[in-house]
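Structure first, then comments.
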Amino acid sequence: MPTRFDHKGGFADHAAIRRKRREKTADKIDKIIDWHPIEEFLKKNLGHRHNAVGNPAYPALGMFKALLLQSWYGLS
């Protein structure tokens, strides 16, 4: 006896399953650049920082990546 969840799906379900995920620019950059040496360099030279009220700072590698994107795309 079929239940209400036994349907095979409609057109939208089929299209969503078949749709391939396009590789984004950030994914391509991650394949090209080995971030591990950069992360080690940043950790060694920056150390662990806190803000004025003692909260931990943002991760150095994440901030470095944000600065790269800012520079590459002309963001302010």
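The values are calculated or read from the model by the stated rules, or taken from the named source; none is laboratory data. Only a predicted model underlies this, so the values are computations on that prediction, with no experimental measurement involved. Cβ placement follows ideal geometry from the backbone for every residue including glycine, while neighbour counts extend to all protein chains displayed. In case anyone asks, the SASA skips ligands and DNA or RNA and just uses the protein heavy atoms, side chains included. Shrake-Rupley method; radii C 1.70, N 1.55, O 1.52, S 1.80 Å.
Some observations on this one:
- Across the stretch 29-37, coupling constants 3J(HN,Hα) worked out from phi with the 6.51/-1.76/1.60 Karplus curve, θ = phi - 60°, read 5, 5, 6, 7, 9, 8, 7, 4, x Hz, and Gly and Pro carry x.
- Fraction of accessible area attributable to carbon and sulfur, the chain (%, probe 1.4 Å): 60
- Accessible area per residue for the chain, computed on protein heavy atoms with a 1.4 Å probe, is 99 Å².
- The chain - mean residue ellipticity at 222 nm from DSSP helices (-39,500 (n - 2.57) per run, n ≥ 4, rounded to 500): -16500 deg cm²/dmol
- Listed values [x] 22, 38, 22, 13, 4, 0; [y] 13, 26, 21, 14, 15, 9, 1; [z] 14, 39, 27, 10, 7, 3, 0, entry calculated as P(r) over Cα pairs in 10 Å bins from 0, in percent: [y]
- The chain - charge dipole about Cα centre, Lys and Arg +1 at Cβ, Asp and Glu -1, debye rounded to 20: 300
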